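The values are calculated or read from the model by the stated rules, or taken from the named source; none is laboratory data. Given the structure is predicted, the values throughout are model-derived calculations rather than measurements. Every residue, glycine as well, gets a Cβ built from its backbone with ideal geometry; the counts of neighbours run over all protein chains shown.
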Amino acid sequence: MKYYAIRLLRSFLTLIIVVTIVFLLMRLMPIEGYFTNYDKLDEVQIEAKLENLGLLNPWYIQLKDFYGSLMKRDLGQSITYRPKVDITKILGDKLITSLRFGLVSLTISLVMGLSLGILMARYKGKFWDKFGTCYIVGANAIPAVIFYLLIQVYLTDLFKLPLLYDRTDAKSWILPILCLSLVNIAYYAMWIRRYMVDELNKDYVRLAKAKGLKNKDIMLKHVMRNAFVPMAQYLPASILYTVSGSIYVESLFSIPGTGGLLVTAIQRQDNTLVQALVLLYSSIGIVGLMLGDILMAAFDPRIRLSHEGGSR
Amino acid sequence: MINNEIVLSVEDLVIKFNLRGQELTAIRGASLTLYKGESLAIVGESGSGKSVFTKSFMGLLDANGRIDSGSIIYKGNDLAKYKTEDEWIKIRGKEIAMVFQDPMTSLNPLKTVGKQVQESIELHQNLKGEEAKKLAVEILNDVGISDPDRRYNQYPHEFSGGMRQRVVIAIAVACNPNILICDEPTTALDVTIQAQILQLLKNLQRKYQLTIIYITHDLGVVANVADRIAVMYAGDIIELGLSEEVFFDPKHPYTWALLSSLPQLGIKGEALYSIKGTPPNLFKEIKGDAFAPRNPHALKIDFEERPPYFEVSPTHKVRTWLLDPRAPKVEPPLLVQKMREMEVKRGDGIE
């Protein structure tokens, strides 16, 4: 319990530090980012606008105000991207779209990837292993954009599927999800296979065999769980990161998700939007890592104890 | 101590491995009879085939190894003919169990110690749930783990090396086997713990009527626990006899050399004896006595024909041409003679 509490506290602290640093860095940005019509204004008008936004206050007052509005879940308004629209509203829709695609494809990747990896480890050196290796090498070696395009061009014809995303047509969701899953399946298969093969070579598997456990049971009761532990660490982060969307797939199928939003926001010098996105992504990173650590500790008793000084 | 009921009988066992396209003969026609309730120690240097020999009793050879010929008779079945997992499952754990060398890695780090012992019980003793747990705690107590109720719920990393080896032994005993194979059970442990573990094994042997095979290269262990000793060299048992016979009246030049290299027998100030040369290459067919090239007493025939077993006593047989009536009489080296004198003196002291 103590371990979890400490871990939680630390993450919270990191989060506050990161948020503060991001906020302060954003204050160094050129002031053009707060205007849609900077060139046409004279100095008095600019002064008045900045005054109005509170940007002329000393930094610590600005920081206080910022945290105050964060508490009220107010991230400010977009300036150039969609002028005068609340950022929470802009992000809200996009996040949900990306999240939905991300989660579905992640579930598929996990199920397919883990099954493939387990098959590969179970029949190491046999058909499944070779098949999987070909797939993994292919998925990693060929640039994703190439098969995204191939999928879009040929599969739409072949199965009479729509070319672009349509919120109301479920058929149009298939191909983007397929694209999002392909590489991830290879990724999960590769790692679970690797961890399982590592485990299979360990002495405790030999002992389990010597005490009369069937191969199937050794796999189920010992190897699979142990092999999953190192993967558990990255799982929450991967789930959370799905909200950041995929820039390729979303633009290819014209899905209104978050993919590429940060790049656009920076290009348009939309200071508040950039600030909100950096904030979001860094907190996702921190929370993801923390959940990963907690999940791993839940699986592996050694981690909890090493922090309490052990009992050896 | 030894009665005459045979539990396991191995005849002319040949085990081959495929290694990088070449064939290696790891066991070259070894034979062994195991009697109920005895402790047999198999000694020999690294690579002599001790582990492979015993692993073949449980079908635990690596995937590239196979039994080429010979038989392993256990309860009327020939284990050498077993192929499938279903056949071996009936033997592993239930009839023959094994304790491995390294207790630090022999346990699953993510399962509690108790669960791992309990798993053995549930597999082989027809007990489930609470009953199995109760027996597991009892066995943990038997192997000398204090406060077994609390320890049951702990994980392997909360145990020291010696304690973990006790758990590994508990797992083996929990299968309720007939034969327990201990593959270098004390090699990875502190000297102070070694004696405790050996004493524990002796106690368990009595309590559970186990027949124990010790595999070791530590002659100290052997002297401590073994009723009989089998000396292995290059995949063959070259001398087999009661513990006293092999220690105090060894006949094979290899056994002489092995005993001479004991530090305890060395004379202070003199270099420790070591056997010259290296073990033979098992990829090639061995002609004659495998030890001949390293044997200072080798006869001409040693290089030509493999010696048969010569019986020294009903319990003591040795594979060397030196015991042939036609062979010249060769005295064992001084160090071995010294050992014999020590024994005689010790015997006098007791009387």
Output the qualifying pairs, or none if there are none: Cβ atoms under 7 angstrom, residues six or more apart or on different chains, first residue in segment A:67-83 and closer than 22 Å to A:ILE31 by Cβ, second residue outside any helix (DSSP H, G or I) and among the charged types (D, E, K, R). A:GLN77/A:LYS84; A:GLN77/A:ASP86; A:SER78/A:ASP270; A:ILE79/A:ASP270; A:THR80/A:ARG268; A:THR80/A:ASP270; A:TYR81/A:ARG268; A:TYR81/A:ASP270
Within segment B:33-55, is there a residue that is of a type outside the set (A, V, I, L, M) and under 22 Å from A:LYS214 (Cβ atoms)? yes
Please state which one of A:GLY310, A:GLY260 is over 14 Å from the mean Cα position of the chain (by Cα), at pLDDT below 85, of a type outside the set (Asp, Glu) and surrounded by fewer than 18 Cβ atoms within 10 Å (Cβ to Cβ). A:GLY310
For segment A:191-204: of the residues being surrounded by fewer than 21 Cβ atoms within 10 Å (Cβ to Cβ) and part of a helix (DSSP H, G or I), which is nearest to the other protein chains (Cβ to nearest Cβ)? A:ASP203
Set B:ASN178, B:ASN203: member being touching a Lys or Arg at 6+ places or on another chain (Cβ under 9 Å) and at negative phi: B:ASN178
Restricting to segment A:1-40, and then to whatever is assigned to a helix (DSSP H, G or I) and hydroxyl-bearing (Ser, Thr, Tyr), can you tell me which residue is farthest from A:PHE299 (Cα to Cα)? A:TYR38
Can you name every residue in segment B:122-137 that is assigned to a helix (DSSP H, G or I), touching a residue at least 12 places away in the same chain (Cβ under 8 Å) and either more than 14 Å from chain A (Cβ to nearest Cβ) or surrounded by fewer than 24 Cβ atoms within 10 Å (Cβ to Cβ) (or both)? B:LEU123, B:HIS124, B:ALA132, B:LYS133, B:LEU135, B:VAL137
Checking B:LEU335 against (1) out of contact with any strand residue (DSSP E or B) (no Cβ under 8 Å at 6 or more places or on another chain); (2) of a type in the set (A, V, I, L, M); (3) part of a loop (DSSP other than H, G, I, E, B), the condition it does not meet: (3)
Within segment B:138-157, is there a residue that is among the small types (Gly, Ala, Ser) and within 13 Å of chain A (Cβ to nearest Cβ)? no
All but one of (1) surrounded by 14 or more Cβ atoms within 10 Å (Cβ to Cβ); (2) outside the structural domain of A:LYS214 (by TED's automatic domain parsing); (3) over 27 Å from the mean Cα position of the chain (by Cα); (4) not β-branched (Val, Ile, Thr) hold for A:PHE66; which doesn't? (3)
Evaluation of B:LYS115 against (1) within 11 Å of another protein chain (Cβ to nearest Cβ); (2) assigned to a loop (DSSP other than H, G, I, E, B); (3) among the basic types (Lys, Arg) (one fails), failing number: (2)
Test for A:PRO230: is it surrounded by fewer than 19 Cβ atoms within 10 Å (Cβ to Cβ), within 14 Å of chain B (Cβ to nearest Cβ), at pLDDT below 90 and over 29 Å from B:MET58 (Cβ atoms): yes
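To keep it simple, each residue is scored yes or no on (1) basic (Lys, Arg); (2) over 17 Å from A:THR97 (Cβ atoms); (3) part of a helix (DSSP H, G or I).
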position: A:PRO256; (1), (2), (3): no, no, no
position: A:VAL263; (1), (2), (3): no, yes, yes
position: A:GLN269; (1), (2), (3): no, yes, no
position: A:LEU277; (1), (2), (3): no, no, yes
position: A:LEU280; (1), (2), (3): no, no, yes
position: A:ILE286; (1), (2), (3): no, yes, yes
position: A:ILE294; (1), (2), (3): no, yes, yes
Residue check: is B:SER51 of a type in the set (S, T, N, Q), touching a residue at least 12 places away in the same chain (Cβ under 8 Å) and not in a strand (DSSP E or B)? yes
